[in-house]
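The values are calculated or read from the model by the stated rules, or taken from the named source; none is laboratory data. Just so you know, these numbers come straight off a predicted model, no measurement behind them. We place every Cβ from the backbone using ideal geometry, glycine too, and count neighbours over all the protein chains shown.
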Amino acid sequence: MAANGGRPALGFWRETAQLVGAVGRAMGITLRNLFRKPVTVHYPDVQRPYPDRFRGILALTYDPETGEENCIGCRLCEYVCPPQVIKVEMLKATKRNYAKTFTLELYACEFCELCVQVCPTDAIVMLKSFDLATADRRDLLLDKDRLHALGREFEPSWATGNRLRDMQAPPKPARAEAKVEAKVEAKGETKEPTE
Amino acid sequence: MTLPPVARAALGAFIVLNAIILLVTYATLLERKFAARMQSRIGPYYVGRPHGWLQPIADALKLMLKEDVVPAAADRGVYNLAPVVFLVPCMLIFATIPFAPELGVADLNIGVLFFLAVSSLEIVGLFMGGWGSNNKYALLSAMRAVNQIISYDLPFIFAALVPVLLAGSLQMSAIVAAQQGLWFAFYPVIGQLAFVAYLVATLAAENRVPFDILEAESELVAGFRVEYSGMKFALIQLGEYAHMLGTSFLGALLFLGGWLGPGPAWLGPLWFLAKAVLVFLVVTWVRWSFVRIRVDQILAISWKLLLPATLVLLLATGFVVATRGAGGG
Amino acid sequence: MPDTQAKQVVELGYGGNERLMMNMGPQHPSSHGVFRMILTLEGETVVGVDAVIGYLHRCHEKLGETLTYVQYPSIASKTDYVAAMTSELAYVSAVEKIARIDVPKRAQYLRVIAAELQRIASHCLWLGTWCLDMGGALGGGATVFLYAIREREMVLDRFEELTGARLLYGFHQVGGTRYDVPPGWETKVRETVDFIEQRIDEYEAMLEHNTFFRVRTQGVGVISRELAQDVGVSGPLIRGSGVNYDVRRAEPYSSYGDFDFVVPVETEGDCYARYRVRMVEFRQSIRIIRQALDGLPEGPISSRPGVKSVGQVRVPKGEGYARVEGARGEVGCYIISDGSPKPYRMKWRGASFSNLAVLPHIVPGHKVADVVAIMGSVDPVFGEVDR
C-alpha cells in the first residue's frame, strides 16, 4: 500500500493481523481513558493551588512592624527591567528615601522576577495571583497606590529579593545561615516560613 | 383515526422530521461528551449545568443569529443552494426507516434500495458547496470528496446487500422480521464480516477519521465547508449528522435486529434507538482513536481491499442462501 | 458564470502538466507557527516548495546588544519557547565560556535535570501536535494531543514549583542557576517521571504498530544521510538519517559526561525513523533525570553572588560559541564581548532554521497530506527560525 522506506514488507495476512491488533490496542486505550477521571479543573469555581514560588502580578509591600513602605526609591528595579516597564521617582527625606511615584506597566511586563531579585529592601514582590484581566489597558498601568493595594489583597509568593540572592550566593555557610535565621525571626509570623 | 392517507403521511413526515432534527442535535452533544471523556476532559458543561444539556440549543441559536456572509466572488446560486441540496437527501432517508412494525413514514418494499440511492445524492450538494465557494481549498476538498464517497459507496452497498440476501427482501421490516432467531451481525462469518465491512464503509462514506481527508481540519481547514457560516453551516452540519445517524439506524436495522429485543412490543422503538446509538458510538470511538490516512491510500483500501472483499462476501452469501433454500425448501 | 478562481483552476488541468500554486499560508493550523509555504501542485502532488519565513522576527540579536548579561537570559528563553531551558543554557554557556567562569557542580546537575525535563515536555508537545496535524482536530489526533498535553502539564507543574513560571523560565543566569530546588521537589520529579514512563507505553501502543500511522509516516520525507550532512540539519533529523551526532556526546557540556545514556540512531531517514528517535529520547531523558537526581551534589547553585544590579556581570573582551543539544537540534549562541556589561554582538544558531532548509529537498514528490506529516516530524519552532 505504501513504500515502507526500505523496511521489509510483511505478507498480507501478517499485515492484516497487525492491523487488527493495532486497531484493538488503540481503541482499548481510548476506552481505558473513557473511564479515567477527567483532569479538568473547574476554574473559576475551583482554584488550583499555587506553588510557593508562583510568579504572578507585582505589588509593593509595607514593613510589617512599622507599617512603613519598604520602597526606598533606589530605582534598581527600573534599571534591571528588560522591557523597561517600571518608572520610579525618588523622594529624598531625612532618615531614608521614598518613592515619590512608582508606575509599572503590567501589560508589557514579562514576569521575569528580575526586579524582585535586585530589590535591596524586599519592597517589590510577586503575588500568587495572575487574575487581573480587564477590558481597558489603562487599568493595567499600575501606580503606587494600586500596587500597594494589590499587595494587601493577594498572598505574596515566597520569593523576595533577599531570599533569592541568598539562595544564589556561593556559601559562606555560617554567615549565610545566621543571616537567614535572623531575617526569619525579624519578619515574625506574617511571612510564612516556606523554606 | 381516519385521516386521508395524504394527511396521515404528512403528519408522519412532520413528526419524524422534527424528531430527527432533535435527535441529531443531541447526537452532537453525545459525541462531544463521549469524545471528551475519552480524552480525559469534560465536554460541554456550563450551558445547562451540569452536563451541558442546553449546549446544542445554544449552538443552534448562535448559528441562527449569525451574519450571512457570502464571498464576493462566489457563484451565488450554486453557493446558496448547496446546503439545501446536501441536506434534503440526508433527511429523506429517514422516510424509509420503520421504527416499529407499523410505525414509519413509508415502509417501501424497495426500502433498502431507496435508502442507499438517496443517501448517495449528498455528494451533489457537497460538490456544489466546494465549487460555489470559489476557494482553492474548498475545491480540492470537494474533488477528494467525490473520489472518496463514490469509491466507498460500492463496498457500502455490497455490505448492506448481505442482510438483504440473507432475509430475501429489500423491505426493511421484512429484514428485521428475518432476524427473529439470530441477528445478522452474529451470523457465522458472512454476517460478522459484513458488519465490519459495513462499519468501515460507513466511516468512509461519512468522512470520519481515519477517512476524513476531505475535511482534514489541519490541512484544508474544513474542506468544502470552509466558506460557510451561520445558518448555512448549520444546515450542512445537520445534514452530516443526519446522514451519520441515518446510516447508524440502517446498520442497527440490517445487522442488529432493529426493534427486536426482550420486553413488550412498545419497547421496540427504544431498543432500536439504543442500537442505533450504539453503532453511532462505535463509529465515534473509532473516529477519536486514529490518525487519518492519505487520499491515495484511502482509495487504495477501497478499490484493492474493501471492494473485492465485499464482492466475495456477497458471492459467499449468495451461495449460502442458495444452499439453504435448496436444503430447507 | 463569472471568471472565478475555481474555473481557472479546472482550466489549468487536473493531473496534467499544468500547475496550481497554493499557499499553505502563515495562518494555517499545521504550520507549527507562522510559516508560509508556497506549494506548486500538479494535481495532488507537490512539485515545488518556496518557504517564506520572517513572520515572527522580533530582533533578538539586536536585543542581545542592548540588554546586559543579567537581563538577557530571561529573554533568551523566547527564542525556542517550547524548549526554553536549552535556549537559555546556550546563551549563558557562551558567556561563561568567554569569561571562563566555572559553574558549580550542583548547578550543572540542576541544569541537566532542567534540560532533560524540558526535552520531555518539548517532545510531548511534538507528539501531540504532530498527531493533531495528521489526525485532525476532530479525530484521533486530538486524542493523542490531549494525552500528550496532559503529561506535559505535569512537567510544567514541576517547573512551576522550581521557578514560578510554566513556559518561559529565566532559570539560568551567568555562573549557575537562579533557583534551587524547593523541598519535596525531587520526590515529585521522580513520581512525575515514573508516571510519564508508563504513559509513553500507552502512546506507543496507540501509534507504534498502527497501520494507519505507519502508512502515513513510513517512506515519507526521507532525508538521506548525504543530504542531512550537506544541508546541516541536526538533532532528531540527523540521527534519524543514520549519523550518530549528539552535542551531548560530541562536546559534553554541563557534566553530561557523568551520565550514562544511549543516543538513538535510525537509518531510514523517514518520518517514522525520526519518530522512533524521539520516542527513545523520551526514555533516555528519564534515565538521565534519575541519574542526576541520584547524584545531585550539595553546594552552591551559582559561582557568582546573587544579582544585585543590572551591570553586575562584566565579561572581558573575547568571543565564544557555545552549543547545546536542544530538543530540536543543535542550538548555538555566538557572542563577541567588549568588556562592557552588554555584548558587542550576539548571534543565535537556531536549530529549526537549519532544519527547515531541508524542506525544498524532501517535499517535492509527495502529496499535500505528506507535507503536513513532514512538517510535524521536522518540528520547527518559529521563535528559533525568525528570532
In this structure, does C:THR217 turn out to be within 9 Å of chain A (Cβ to nearest Cβ) and surrounded by 23 or more Cβ atoms within 10 Å (Cβ to Cβ)? yes
Condition broken by B:ALA74, with the remaining ones in (1) over 21 Å from B:ALA19 (Cα atoms); (2) under 21 Å from the mean Cα position of the chain (by Cα); (3) in contact (Cβ under 8 Å) with a residue 24 or more places away in the chain satisfied: (2)
Out of (1) loosely packed, with under 13 Cβ neighbours inside 10 Å; (2) part of a helix (DSSP H, G or I), what's the single condition that is false for A:THR16? (1)
Taking the condition of being in a helix (DSSP H, G or I) and buried (at least 24 other Cβ atoms within 10 Å of the Cβ), how many residues in region B:123-138 meet it? 6
Going by the structure shown, is C:PRO316 away from chain A (no Cβ under 14 Å), modelled with pLDDT of 90 or more and at negative phi? yes
Test C:GLY170 against the criterion of being under 19 Å from the mean Cα position of the chain (by Cα) and buried (at least 24 other Cβ atoms within 10 Å of the Cβ), and give yes or no. yes
Scan of region B:1-20 for residues that are loosely packed, with under 14 Cβ neighbours inside 10 Å, under 26 Å from the mean Cα position of the chain (by Cα) and aliphatic (A, V, I, L, M), ordered by number: B:ALA10, B:LEU11, B:ILE15, B:ALA19
Residue identified as under 30 Å from A:PRO120 (Cβ atoms), touching a residue at least 12 places away in the same chain (Cβ under 8 Å) and basic (Lys, Arg) among C:LYS342, C:LYS308: C:LYS342
Quickly run through region C:355-369 and pick out the residues that are buried (at least 22 other Cβ atoms within 10 Å of the Cβ), small (Gly, Ala, Ser) and either within 17 Å of the chain's Cα centre (by Cα) or under 13 Å from C:GLY329 (Cα atoms) (or both). none
Can you give me the number of residues within region C:21-36 that are within 11 Å of chain B (Cβ to nearest Cβ), crowded, with 17+ Cβ neighbours inside 10 Å and at pLDDT 70 or above? 4
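Would you call A:ASP52 at the interface with another protein chain (Cβ under 9 Å from one of its Cβ atoms), modelled with pLDDT of 85 or more and on the phi < 0 side of the Ramachandran plot?
yes
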Looking only at region C:359-376, count every residue that is part of a helix (DSSP H, G or I) and within 13 Å of chain B (Cβ to nearest Cβ) and tell me the total. 9
Check C:LYS62, C:LYS78, C:LYS97 and return the single one that is closer than 22 Å to C:TYR344 by Cα, in contact with a Leu (Cβ under 8 Å, 6 or more places away or on another chain) and modelled with pLDDT of 90 or more. C:LYS78
Quickly run through region B:246-283 and pick out the residues that are surrounded by fewer than 23 Cβ atoms within 10 Å (Cβ to Cβ) and closer than 20 Å to B:GLN148 by Cβ. B:VAL283
Pick out, from region A:56-112, the strands (runs of 3 or more DSSP E) lying fully within it that include 1 or more residues that are more than 18 Å from A:MET126 (Cβ to Cβ). A:86-91, A:98-105
Only one of B:MET38, B:MET64 is surrounded by fewer than 18 Cβ atoms within 10 Å (Cβ to Cβ), over 30 Å from B:LEU170 (Cβ atoms) and in contact (Cβ under 8 Å) with a residue 24 or more places away in the chain. Can you tell me which? B:MET64
Evaluate region A:149-162: report whether one residue or more is under 20 Å from C:VAL310 (Cα atoms) and out of contact with any Asp or Glu (no Cβ under 8 Å at 6 or more places or on another chain). no
Report, by residue number, each residue of region C:155-186 that is of a type in the set (Gly, Ala, Ser), more than 8 Å from chain A (Cβ to nearest Cβ) and without any contact (Cβ under 8 Å) to a residue 40 or more places away in the chain. C:GLY184
Tabulated pairs, region B:279-307, first under 21 Å from B:HIS243 (Cβ atoms), second acidic (Asp, Glu), C-beta under 6 angstrom, 6+ apart or interchain: B:THR284/B:GLU31; B:ARG292/B:ASP212
Here is a list of conditions, (1) closer than 28 Å to C:GLY257 by Cα; (2) part of a strand (DSSP E or B), and C:TYR344 meets all of them except one; can you say which number that is? (1)
Determine whether B:ILE236 is buried (at least 16 other Cβ atoms within 10 Å of the Cβ), within 14 Å of chain C (Cβ to nearest Cβ) and in contact with a Phe, Trp or Tyr (Cβ under 8 Å, 6 or more places away or on another chain). no
Against the definition (more than 20 Å from the chain's Cα centre (by Cα) and at pLDDT 90 or above), how does C:LEU227 come out, yes or no? yes
Being part of a helix (DSSP H, G or I), within 14 Å of chain C (Cβ to nearest Cβ) and either at pLDDT 85 or above or under 21 Å from A:THR30 (Cα atoms) (or both) is the requirement here; does B:THR284 meet it? yes
Taking the options C:SER285, C:SER302, name whichever one is crowded, with 21+ Cβ neighbours inside 10 Å, away from chain A (no Cβ under 14 Å) and either touching a Pro at 6+ places or on another chain (Cβ under 9 Å) or more than 18 Å from C:ASN210 (Cα to Cα) (or both). C:SER285
For region C:63-72, which residues satisfy the criterion of being within 12 Å of C:VAL313 (Cα to Cα) and more than 9 Å from chain A (Cβ to nearest Cβ)? C:TYR69
Turns out the helices (runs of 4 or more DSSP H) fully within region C:70-160 with at least 3 residues that are small (Gly, Ala, Ser) are C:84-99, C:105-135
Report the residue count in region B:95-122 for those that are within 25 Å of B:GLY230 (Cα to Cα), surrounded by 20 or more Cβ atoms within 10 Å (Cβ to Cβ) and not polar (S, T, N, Q). 1
Enumerate the pairs (first residue in region C:139-154 and facing chain B (nearest Cβ under 7 Å); second residue anywhere and outside any helix (DSSP H, G or I) and among the basic types (Lys, Arg)) with beta-carbon separation below 8 Å, excluding pairs fewer than 6 apart on the same chain, so at least 6 apart or on different chains. C:GLY139/B:ARG208; C:GLY139/B:ARG292; C:GLY140/B:ARG292; C:GLY141/B:ARG292; C:LEU146/B:ARG41
Can you name every residue in region B:287-318 that is charged (D, E, K, R) and not in a helix (DSSP H, G or I)? B:ARG292, B:ARG294
Looking at this structure, is A:GLU105 buried (at least 21 other Cβ atoms within 10 Å of the Cβ), touching a helix residue (DSSP H, G or I) at 6+ places or on another chain (Cβ under 9 Å), in contact (Cβ under 8 Å) with a residue 24 or more places away in the chain and of a type in the set (Asp, Glu)? no
